[in-house]
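Structure first, then comments.
Readers should treat all values here as calculations from the given coordinates under stated rules, not as data from a laboratory. These numbers were taken from a predicted model, which means no experiment stands behind them. Here the Cβ positions follow ideal geometry from the backbone for every residue, glycine too, while neighbour counts run over all protein chains shown.
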Amino acid sequence: MMNLTKNEQNLEQLLINLSHKSETIRSQAAKALGITANKQAVEPLLNALKDPSWQVRVMGIWALMKIGDERALETITKALEDPHSSVRNQVVVALGHFADRKSLEALLKAIEDKEGFVGNEAAAAIGKLNDVKAIEPLINILKNRRSIVKCNALVALAYFRDSRAVKPIIKALNSKASYVRAMAACTLGTIGDERAIKPLIKALKDGDSEVRFQAIRALGEIGDEKVLPDLEQIQLGDTTAFENIGKLSDVASEAIECIRQRIKS
């Protein structure tokens with residue numbers, strides 16, 4: 001029998017452990033194979049995505065992501081149909097890591113996942129693809145009835161900073177869900193289009209303090225001196241406090257300073 005190196009022996013044992021009766025050992029084996037980054041493990045790990053244990057499936061996807069072999073992409077993408085949300089979440093993390101634009105369609109579907117945290121991760125993955133073909137579908141997703149899906153689409157749109165999205169995002173400032181309004185304000189600040197100024201000034205009077213906070217910051221990012229009187233009113237009057245952030249009046253002061261510095265430059 002051919003003598004095996006220590007690394008080869010370790011690999012062989014890990015591959016054997018992928019079929020162990022203990023799901024803990026199978027999961028540990030998948031993780032260890034990912035750490036080795038040995039491409040000989042790709043096919044066995046792809047088979048592990050059929051494992052009855054969701055923990056093993058999650059670790060199998062993680063390991064394939066660490067190995068980084070694009071042969072795994074098609075099978076990983078199919079795992080978006082997995083019944084367990086943690087598996088689906090690991091899939092979108094992996095697709096974001098690979099950043100292959102062929103994954104866009106699957107990620108756009110995943111952004112509407114029934115579990116909000118999966119959709120949020122899909123939004124980040126779409127941003128990493130940096131494919132402008134995502135913009136129109138994301139704008140259409142803003143029409144979705146589910147607030148968490150709208151919010152995830154806003155997260156993704158913030159990566160692109162595309163002016164085509166400004167008007168639909170402004171409409172999202174009227175959402176019944178305060179966290180959608182807050183995310184809309186944040187995204188408008190990131191895009192930095194002056195068409196958002198008036199709606200954001202209106203949002204300074206929103207009943208939700210998080211929305212007001214995001215509107216203040218957004219106006220500071222856009223940097224138009226016309227908003228200084230509105231921000232100065234908040235600077236003098238809104239003492240609502242946020243943990244680790246301070247009062248809204250302080251946030252307004254920072255936005256005012258940001259605008260004044262931009263005017264000077």
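Descriptive notes on the structure:
- Mean residue ellipticity (222 nm) of the chain, computed from DSSP H runs ≥ 4 via -39,500 (n - 2.57), nearest 500: -20500 deg cm²/dmol
- Low-density loop cleavage sites - GluC sites (Glu not before Pro) in the stretch 208-265, where at most 15 other Cβ are within 10 Å (DSSP): E243
- For D208 and A37, a Förster radius of 51 Å and the Cβ-Cβ distance give a FRET efficiency of 0.65, rounded to the nearest 0.05.
- Listed residue (I169, I222, N130) projecting farthest to the positive dipole end of the stretch 101-230, Cβ model: I169
- Between Q9 and K109, the simple label model (points 7 Å from Cα in the Cβ direction) yields a spacing of 4.6 nm.
- Whether the stretch 213-255 is rounded, prolate or oblate, judged on the alpha carbon gyration tensor where a/c under 1.5 counts as rounded: oblate
- Remark: the N144-Q233 segment gains 28.5 nm on full extension, using 0.36 nm per residue and subtracting the alpha carbon distance.
- Estimated inter-spin distance, S86 and H20, nm [label 7 Å along Cα→Cβ]: 1.8 nm
- Count Lys and Arg as plus one, Asp and Glu as minus one, and take only other residues whose Cβ is under 14 Å from that of N130; the net charge is then +2.
- Only aspartates and glutamates eight or more places from K150 in sequence, or on another chain, were considered; those with a Cα closer than 15 Å are E112, D113, E115, E121, E136.
- Each Lys or Arg adds one and each Asp or Glu takes one away; over the other residues whose Cβ falls under 11 Å from the Cβ of E74, this sums to +1.
- Label point distance in nm, E257-K50, each placed 7 Å from Cα along Cα→Cβ: 6.1 nm
- The stretch 53-140: trypsin sites (Lys or Arg not before Pro) in DSSP loop, at most 15 other beta carbons within 10 Å: K114
- Gyration tensor verdict on the chain (Cα atoms; rounded if a/c is under 1.5, prolate if a/b is larger than b/c, oblate otherwise): prolate
- Three-way shape label, the stretch 173-265, alpha-carbon gyration tensor, a/c 1.5: oblate
- Taken about its Cα centre, the stretch 83-240 carries a charge dipole of roughly 600 debye when the Cβ of each Lys and Arg holds +1 and the Cβ of each Asp and Glu holds -1.
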